[in-house]
Amino acid sequence: MSVAQTLPADADSLSAPPPVFSEDAAVALAKRHFSIDGAASKLTSERDANFRIKTAAGDSYVLKVSNPAEEKLVTNLQTEALLHVAVKDPDLPVQRVLPNVAGTHEEILQDAAGQPLILRLFTYLEGEPLHLTPRSAAQRRNLGSNLARLTFALSDFTHAATDHDLQWDIKHASRLWQLLPHIEAGERRQLVERILRNFDDFVAPSIPRLRTQFVHNDLNPHNVLVDSVDPTKVAGILDFGDMVFTPLVNDLAVASAYQLSLDGDPLVEASDLIGAYHGVLPLQEIEVELLYDLIGARLATTAAITSWRAARYPENSAYILRNAPRAWAGLAAFAALPRAKAQENLRRLCGI
């Protein structure tokens, strides 16, 4: 077992409650700071206060008030990244950050306790949540190509938050050993232990050799919209809140972890996404060699962190555990796939 790293002091910052604003207050904020006059409806969010603002003309926006516990530098990272992507690849289906009446993209508010809150306005993307639509090879290929475009658009993006520490960043998987007591002893814990041993043995020593940059880091089915008429077409990539500076291949590993086959070879369906990604942004040989381990590390991260947080916050366990069943199923499927066989298949897929 390895405990080479320790959990950051703010590892459970998601426990901070979101700011409280009424729909009437959201209407007033939109009008005062953005000259947008419309009706507000609350959107689901674990951390922030989010509202859809819809005008009489039918235009829609997302008004977001950040969680006071979120570092202002991290909020600004998301803002600046979206502005950068809008310039580098204007056709990518991501939200746009809109300026306020003063011409800036972030407005500082204060809550009742005097804590600073950041107010922003985004475009509203229409579409169906990916997790509610039929899965298909064409859909996975489009996910892969769009993610590769996003990764490439961020390749030259720089920001002062390079050292932002997020436990969901796969490069910190060695810390998960500390969370294993929150997983019931037996088969499930053994699955995670196996993944973490692979990470410590193969990935951790190789991290200095990997290409690094800022990445989205959370292309899960709840963060993707698809076209309501053609569900193979990506209509929106949402939620840049988990952005980190990390090995580039980690972003692909995260996305792949949500596209696994649960019967037979778990990488059969994910290969559609991986192949399309590689076709737009070619992977290096070392990245292909480690991809199996990194996908497993993402599954282990989801399983360990959600088990830990659900135990601490049972009142929010349904939201916390929404992706856990598939992570456990993916881990079980991974246990049946030999590492060498997976690497052979991935090398063939990528032409190596």
field: segment 242-260, residues that are closer than 24 Å to TRP328 by Cα and open to solvent by 10 Å² or more (accessible area, probe 1.4 Å)
entry: ASP242, TYR258
message: Can you tell me which condition ASP265 does not meet? The list is (1) outside any helix (DSSP H, G or I); (2) modelled with pLDDT of 95 or more, and all the others hold.
response: (2)
- request: Tell me which of these THR232 doesn't satisfy, since it passes every other one: (1) at pLDDT below 95; (2) over 22 Å from THR302 (Cβ atoms).
  value: (1)
field: Evaluation of VAL226 against (1) among the hydrophobic types (A, V, I, L, M, F, W, C); (2) crowded, with 20+ Cβ neighbours inside 10 Å; (3) more than 28 Å from PRO129 (Cα to Cα); (4) at pLDDT 95 or above (one fails), failing number
entry: (3)
- prompt: So which residues in segment 151-202 are of a type in the set (Val, Ile, Thr) and either open to solvent by 70 Å² or more (accessible area, probe 1.4 Å) or assigned to a helix (DSSP H, G or I) (or both), if there are any at all?
  reply: THR151, THR158, THR162, ILE170, VAL192, ILE195
message: Here are the criteria: (1) of a type in the set (A, V, I, L, M, F, W, C); (2) in contact with a Phe, Trp or Tyr (Cβ under 8 Å, 6 or more places away or on another chain); (3) closer than 19 Å to ALA253 by Cα. Tell me which single one ILE320 does not satisfy.
response: (3)
message: Looking only at strands (runs of 3 or more DSSP E) that lie completely in segment 36-148, which have at least 3 residues being open to solvent by less than 40 Å² (accessible area, probe 1.4 Å)?
response: 49-55, 60-65, 116-123
Segment 270-294, subset aliphatic (A, V, I, L, M) and part of a loop (DSSP other than H, G, I, E, B), residue farthest from SER145 (Cα to Cα): LEU283
- prompt: Given the conditions (1) closer than 21 Å to LEU281 by Cβ; (2) out of contact with any Pro (no Cβ under 7 Å at 6 or more places or on another chain), which single one is not true for GLN190?
  reply: (1)
- request: May I ask you to say which residue of ALA311, ALA335, ALA340, ALA270 is aliphatic (A, V, I, L, M) and either under 19 Å from PRO221 (Cβ atoms) or surrounded by 18 or more Cβ atoms within 10 Å (Cβ to Cβ) (or both)?
  value: ALA270
- request: Determine, yes or no, whether LEU299 is buried (at least 23 other Cβ atoms within 10 Å of the Cβ) and under 25 Å from ALA86 (Cβ atoms).
  value: no
statement: For segment 235-262 the number of residues that are acidic (Asp, Glu) and modelled with pLDDT under 95 is 2
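The values are calculated or read from the model by the stated rules, or taken from the named source; none is laboratory data. Keep in mind that this is a model prediction, so the values were computed, not measured. A quick note on method: Cβ atoms are made from the backbone with ideal geometry, for glycine too, and the neighbour counts reach across all protein chains shown. Heavy atoms of the whole protein, side chains included, go into the accessibility calculation; ligands, DNA and RNA do not. Shrake-Rupley method; radii C 1.70, N 1.55, O 1.52, S 1.80 Å.
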